Every structure is written in structure tokens, then in C-alpha cells.
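The values are calculated or read from the model by the stated rules, or taken from the named source; none is laboratory data. Predicted model only: the values in this text are computed from it and were never measured. Ideal geometry is used to build each Cβ from the backbone, glycine not excepted, and the neighbour counts take in all protein chains shown. Ligands, DNA and RNA are stripped out before the accessible areas are found, and what is left, the full protein with its side chains, is counted by its heavy atoms. Shrake-Rupley method; radii C 1.70, N 1.55, O 1.52, S 1.80 Å.
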Amino acid sequence: MSKVLVIGAAGQIGTELTVALRKLHGNANVVATDIQEPSNSPVLDGHFELLDALDGNAMRHLVIENDIQQIYHLSAMLSATGERHPIKAWDLNMHSLLNVLEIAKDEELEKVFWPSSIAVFGKDAKKEQCGQYEIQHPSTVYGISKSAGELWCKYYYEKYGVDVRSIRYPGLISYKTAPGGGTTDYAVEIYQQAIAEKNYTCYLNQHTKLPMMYMNDAINATIDLMHAAPKQISVRTSYNLGGMSFTPSEIAASIKERVPDFKIDYVPDYRQQIADSWPASIDDSYARRDWGWQAEYDLPAMTKEMLLHLNALFINDYY
Ligand code: NAD
């Protein structure tokens, strides 16, 4: 089994991906790293090290010392936080990726995974069923960094043969780890608040439809893409990936079916503008065709699972 390095392992995706990769590759074959040590996290149930993804020398040393063959590179500054710190977001998102790509080239690693985002698309892109090769023109620094990152991945693949694979994740929803400063974080908070307070004030207006996905589907997609044969991968920038699309009022309605006294109100803030620049739904036909992608969760199935698990965590019985 290949030895795997996860960078940014303590985050929303990294926590669940590390657990899944340890099941797949064996506990001893996955090195989880992050710039900070999480408290109470399953990533600590195995080899964990501190690593700043901007420190290329430390990253290279860790790769060589541990005989790493694959890297999952997840650390980034997300869309909402990035708008408050644009230069820092650019520095982290770009330079950490270039560190990974350089090391993958020099050390002849087997594969790299790096996530892009639906944020590569801006207002000039098609709103509904936004296509794989739709015009991008992102309007956030996060989207600009992802758009440039996709081209760097393609460049390293074409020029140096680095087998780097990527997915444009939509907003991801999970109950295990808090989201890290994205524009779609509301879709996690709304469930937590429905359980804890039975009400939620949403920072997007009720009609803002965005592409979303339950974390289980995102993890499965990541693993499926990384296990596809190289000849199946026709997209070397990043694959569009669709799960479901809904508005805040639609997710609230699905919660109300299980928590009848749940109430929501809307006070849009700066994140409304970011959300308005993104597509409402995604055409993921390339991922379906190339490596058999198919989402399992729709909104009712996700709401059922989120409330069930959060209820268990909060020891409540609204479900
Ligand atoms: P997150 O913010 O939850 O986690 C990122 C992790 O990176 C954190 O644990 C943080 O401590 C770590 N980190 C920050 N700076 C670092 C550094 N210098 N060195 C090492 N680690 C550092 O993010 P996430 O939601 O898990 O996202 C992971 C990846 O997926 C990112 O590239 C993000 O752009 C992408 N993505 C996420 C979503 C989503 O909805 N969560 C959607 C689209 C794309």
C-alpha cells in the first residue's frame, strides 16, 4: 500500500478524509499533518505531525523521511475569510500548492490530490448547470487562486508528468468537524442551530441557490477519482462535481419536517455578494462519464442524517 501524506488534515474535509484513507491504506501508511494540532480529533489516532504547508523544506524532508508516495493537499484559506485577507489567501493557496507540485515532480511521487472549488466560476458563467469548460472569471481572491491552481496542476501534468487530480467541490456539509470560513458554512450551522436553539439567522437571503454536497459523497468522490486508472482522467484542471442544489428556505423547510418549531430569519452580510457570483447548479457529466461519479445523498437524506447525528451529539430528541 502506498504511503500517503495529508496536508491540512485537521480541517473539515481533512478530518474525514484522513479516517477514510487510514481504513484504505492502513493506519501506519497515512501521515496526517496540519499547522495546528487539533483537540479531540480522530486524526490524532495515528501518525500526526505539525507541518506548515508554506515551509517547502520541511514538507520535502517529511516526504523523504516517511517514504511518501501520494499527497492529499487540503490546506487553504476559504472564500469568506479570503475576502478579508486577500494577500494572505493568495500566498497560502498558491505557494503551498507550488511546494506540493515541486516535491511531487522532484521526488517522482505517484499521485497528488488537490481540491478546487465551484468558486472558480464568477458572474459571467452560466448560472444553471454550469459546464465543465464554462467561462470562469472568478470574483473572489479564493476563486482566483483556485482557477490559477487548476492551471498549475495541468501545467505540472503536461510538462513534468505529475499525476495530479482535482475536484471542484461544491459547499460541503458534515457534522463531524466545523467548516473553516467558506460562504456555504450556513448549511452546517443551520442544522447545529436547529438542534441547539430551534432558530437560525441566515447570512444569505432565502432565495440564494447554491451547489452543495454531503461529506460522505465528497469523500467517496475523492477516493474514486484517486483510484481511477490514469487513462480514465480526461480533465487535468479540475472536475465539476454536482451533488444537490438548494436555497436557505429549502433547507429550512426540510429541517422543519423533522423539527416543526424551527424558525429561520435572514440578515444577509458580505457573503451574499460572494454567493451571488457563484453558479446555482453544476453540470458534472465529465466526472460521471470518466470515472463513474454519482452522488448518493439528496437534501431529505442529508437532513435526516445530519439531525440524527447532531441529536446524538447534543443528546436531544427532536428527531
Ligand atoms: P478547513 O479550513 O476546514 O481546513 C483547512 C486546514 O488547513 C485547517 O485545519 C488549517 O489549520 C490548515 N492550514 C491552514 N494553514 C496551513 C498551513 N500554512 N500549513 C498547513 N496547514 C494549514 O478547509 P476545508 O473545508 O477542509 O477545505 C479543504 C480544501 O477543500 C481547501 O483547499 C478548500 O479550498 C477546498 N474546498 C472546500 C470546500 C468546503 O465546502 N469545505 C468547498 C470547496 C473546496
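Quick notes on this one:
- Bins of 20 Å from zero: percent of alpha-carbon pairs in the chain: 33, 59, 8
- Note: the range 38-170, Cα convex hull, 129 Å³ per residue.
- Of the Cα atoms belonging to the range 188-245, the radius of gyration and Dmax stand at 16.6, 50 Å.
- Cα-based Lys proximity count in the range 182-319, under 20 Å, for pairs eight or more positions apart or on separate chains: 7
- Distribution of pairwise C-alpha distances over the range 1-95, 10 Å bins, in %: 17, 48, 29, 6, 0
- Amide H contacts of residue 49: 32, 33, 34, each under 5 Å away and 5 or more positions distant or on a separate chain (H built 1.01 Å from N in the peptide plane; Pro and chain starts excluded).
- Mean accessible surface per residue for the chain, computed with a 1.4 Å probe while every protein chain stays in place, in Å²: 42
- Cα-based Rg / Dmax (Å) for the range 113-217: 16.1, 54
- Tail weight of P(r) past 12 Å, computed on alpha-carbon pairs of the range 229-280, percent: 77
- Those GluC sites (Glu not before Pro) in the range 141-198 that DSSP places in a loop and that have at most 14 other beta carbons within 10 Å: 197
- Per-residue [θ]222 nm for the chain (sum of -39500 (n - 2.57) over DSSP H runs n ≥ 4, rounded to 500): -13000 deg cm²/dmol
- For the range 205-256, the relative contact order is 68 percent, taking Cα pairs closer than 8 Å that sit 6 or more residues apart in sequence and dividing their mean separation by the residue count.
- Per-residue 3J(HN,Hα) values for the range 168-178, derived from phi via the Karplus relation 6.51 cos²θ - 1.76 cosθ + 1.60 with θ = phi - 60°, read 8, 5, x, x, 9, 10, 8, 10, 7, 10, 5 Hz in sequence order (x marks Gly and Pro).
- In this structure, the amide hydrogen of residue 168, modeled 1.01 Å from its nitrogen in the peptide plane, lies closer than 5 angstrom to those of 116, 239, 240, 241, counting only residues at least 5 positions away or on a different chain.
- Amide H contacts of residue 72 (H built 1.01 Å from N, under 5 Å, at least 5 apart or other chain): 5, 6, 7, 113
- Note on the range 208-297: Cα Rg divided by 2.2 N^0.38 Å, N the number of residues, gives 1.35.
- 10 Å-binned pair-distance histogram of the range 79-138 (Cα, whole percent): 18, 35, 34, 12, 0
- Based on Cα contacts under 8 Å between residues 6+ apart, the chain shows a relative contact order of 18 percent.
- Test item: Cα-centred dipole of the chain, Lys/Arg +1 and Asp/Glu -1 on Cβ, debye: 560
- C-alpha center-to-center spacing [the range 228-279, the range 56-98] in angstrom: 25
- When 54, 97 are compared by accessible surface with a 1.4 Å probe, the order from highest to lowest is 54, 97.
- Relative to the Cα centre, the charge distribution of the range 199-319, modelled as +1 at Lys and Arg Cβ and -1 at Asp and Glu Cβ, gives a dipole magnitude of about 260 debye.
- Hydrodynamic radius of the range 14-63 by the Kirkwood approach over all distinct alpha-carbon pairs: 11.3 Å.
- With every protein chain in place, the range 171-319: carbon and sulfur % of accessible area (1.4 Å): 48
- Selected from 171, 153, 190, residue furthest toward positive end of dipole (the range 119-206; charges at beta carbon): 153
- Diffusion of the range 253-301 by Stokes-Einstein, at 37 °C in a medium of 0.692 mPa s and with Rh set to the Kirkwood radius over alpha-carbon pairs, works out to 225 µm²/s.
- Note that the range 53-105 shows a convex hull volume over its alpha carbon atoms of 67 Å³ per residue.
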